[in-house]
Amino acid sequence: MALTVRSAVAAELPALPAIELSGAAMFADLGIVFPAGPATVEGAIVQGADILVAGEPPEGFAAVISLDGHPHLEQISVRANQTGKGIGSLLLAEVDAGLHDLGPRFVLCFPGEQ
């Protein structure tokens, strides 16, 4: 079954935090523990993020916000039991394609504390 990437509809937004939080155990296995609190996507929605989803119902999503006047990929998540199927790659490719019309851009990467 081929998944398509599209803009999320309002009725899908409440389900997105569960997708994001489903990956917590995978990250914990790698020693990465996220602080308690709301899912990142919840804040992104409040900020008016552009939300793309893959699948119907969504199996993954990407949230793009405006940061200092530039598009910023705030969060990309795939349902934990759907990882390794290329869903994240589909989402990232669609985000990238959507940015091409904006002209020159830059990418910042914050790897965290070393």
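The values are calculated or read from the model by the stated rules, or taken from the named source; none is laboratory data. Since the model is a prediction, treat every value here as computed from it, not as a measurement. Here the Cβ is made from the backbone with ideal geometry for all residues, glycine too, and neighbour counts use every protein chain on show.
Name the residues in region 30-57 that are part of a loop (DSSP other than H, G, I, E, B) and either buried (at least 16 other Cβ atoms within 10 Å of the Cβ) or hydrophobic (A, V, I, L, M, F, W, C) (or both), would you?
Start the filter on region 30-57 by keeping residues that are part of a loop (DSSP other than H, G, I, E, B), which leaves 30-39, 47-49, 55-57.
Scanning region 30-57 gives LEU30, ILE32, VAL33, PHE34, ALA36, ALA39, ALA49, GLY55.
Give the residue, chosen from ALA80, ALA62, that is within 15 Å of LEU16 (Cβ to Cβ), of a type in the set (Gly, Ala, Ser) and touching a Ser or Thr at 6+ places or on another chain (Cβ under 7 Å).
From the options ALA80, ALA62, the qualifying one is ALA80.
Scan region 24-51 residue by residue and report those that are touching a strand residue (DSSP E or B) at 6+ places or on another chain (Cβ under 6 Å) and within 19 Å of GLN82 (Cβ to Cβ).
From region 24-51, those touching a strand residue (DSSP E or B) at 6+ places or on another chain (Cβ under 6 Å) are 40-41, 44, 47, 49-51; that's our starting set.
Within region 24-51, THR40, VAL41, ILE51 qualify.
Filtered by the rule that a residue be among the small types (Gly, Ala, Ser), over 14 Å from the mean Cα position of the chain (by Cα) and modelled with pLDDT of 95 or more, region 1-34 gives ALA10, ALA11. Kindly check whether there is at least one residue in region 93-112 that is at pLDDT 90 or above and among the aromatic types (Phe, Trp, Tyr). Looking for residues that are at pLDDT 90 or above and among the aromatic types (Phe, Trp, Tyr), one finds none in region 93-112, hence no. Against the test of being out of contact with any helix residue (DSSP H, G or I) (no Cβ under 7 Å at 6 or more places or on another chain) and within 21 Å of ALA10 (Cα to Cα), the options ALA49, ALA36 yield a single qualifying residue, ALA49. Residues being buried (at least 16 other Cβ atoms within 10 Å of the Cβ) and either assigned to a helix (DSSP H, G or I) or out of contact with any helix residue (DSSP H, G or I) (no Cβ under 8 Å at 6 or more places or on another chain) (or both): count how many of those fall in region 14-29. Adding up the residues that qualify gives 5.
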